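Here's the structure, in C-alpha cells; my notes come after.
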Amino acid sequence: MGGSASRPDPTPSKPDPPPRQELETPWRRIVWGQKEVLKKRLEELSLTIHRFINANGYLPFSLIDTMGLQPTLMAGCLPEDIINAVYGHVKTDYEFDPEEPLSHRSEDYISDPLLSDQAFCLVYIVDATTIDCLDERLADKLLIIRRRITDKRIPQVIIMTKVDEACPLVKKDLKKIYNSRKINEKVQMCSNKIGVPVNHIFPVKNYNDEININDDVDVLILKALDQIVNLANNRLRDAASN
C-alpha cells in the first residue's frame, strides 16, 4: 500500500522540577546573636517627647490590645472602634460591643484626646497558616481601617505568626526563615491582601510547646518590636510638631 510510514511519538518532555523551598540568598538579613542588644535598645529608648511615658514603669511605651476582627458583621471588634482606639477616643478598660461602635455621646468617649491617649503605630496579627484563605468580608473590614489610619499617616505593621507551622524548612531550622521561599510568598501575600508594605511585615514563631526561652525566637520578636516602636516614635515626633 502506498501509505506513508507512521512516525513514532516524540519522547514526552519531563515536567519541570518544583522550585527549591530554600533560597540560596536570604531575602532579608538579620543578625541572630543580637537579643541582648535589642533588649537594651528597647529599655533605653528615648522618646521624642520625654513626658510621654506609659504607666508600666519599665519601658517608655505601652502596647494596647483589642479583641480580634471577625468576618461576620456582628462579631469581634468593629472597625470604627479600632479606629477610635488608635485616635485616642476610647477610655481605658472600655468593653467593646461587637454589635455597636462607641458613640461620641458615651461617657467612655474621649472627645479631645491627649498625645498620651493616642497610638502611633497599628499592628495587625496575622496567622501565616491561614492568610491564603483570608475571608473577603474580613479583608473589607481591614481595608476600612487601613484607609482611615493611612489618612492620619499612622504607620501600620503586620506580625505574621506561626511561621514554623506554615513551612517545614523553618520548622526544622528557624534560622532558615529568610531563606524560605514559602515564607517570602506568605509575606508578599500579606502585603497584597492587606495593603501593608513588605518591609513592614515581620514573620515570627510563637512560643507553643516550649518550656524554655529560645534566643532565636526572641530575636525575631524583639526585632519586630524594635521596628514598631521606632516607627511609632517617628510618628509621635511628627504629631508633636503639629
Show me, for the range 171-188, the HN-Hα J-couplings you get by feeding each phi into the Karplus relation (A = 6.51, B = -1.76, C = 1.60, θ = phi - 60°), rounded to Hz, glycine and proline as x. 4, 6, 8, 4, 5, 8, 4, 8, 9, 7, 5, 5, 5, 4, 5, 5, 5, 4
Which residues' amide hydrogens lie under 5 Å from the amide hydrogen of Val157, considering only partners 5 or more residues apart or on another chain, with H built in the peptide plane? Leu122, Val123, Tyr124
Given labels modelled 7 Å from the Cα in the Cβ direction, how far is it in nm from Arg153 to Ser111? 2.8
Cα-centre dipole for the range 114-242 with unit charges at Cβ (Lys and Arg positive, Asp and Glu negative), debye to 20: 500
So how exposed is Trp27, as accessible area in Å² (1.4 Å probe, rounded to 10)? 60
Take a quick pass over the range 151-219 and tell me how many lysine pairs come in under 22 angstrom between Cα atoms, counting only ones 8 or more apart or on separate chains. 23
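When only Cα pairs under 8 Å and 6 or more residues apart are kept, what is the percent relative contact order across the range 117-213?
On the way: 114 pairs, mean separation 31.5, N = 97.
Once divided by the residue count of the range 117-213, the mean separation gives 33 percent.
Could you work out how much longer the chain between Asp209 and Glu185 gets when fully extended? Use 0.36 nm per residue separation minus the Cα distance between them, nm to one decimal. It would help to have the intermediate numbers written out before the result.
Numbers: separation 24, 0.36 × 24 = 8.64 nm, distance 2.62 nm.
Using 0.36 nm per residue and subtracting the Cα-Cα distance, I get 6.0 nm.
The values are calculated or read from the model by the stated rules, or taken from the named source; none is laboratory data. Treat the numbers as computed from the prediction; the structure is a model and nothing was measured. As a convention, Cβ positions derive from the backbone with ideal geometry for all residues, glycine included, and neighbour counts pool all protein chains shown. The protein model used for the area step is the full one, side chains on, heavy atoms only, and it has no ligands, DNA or RNA in it. Shrake-Rupley method; radii C 1.70, N 1.55, O 1.52, S 1.80 Å.
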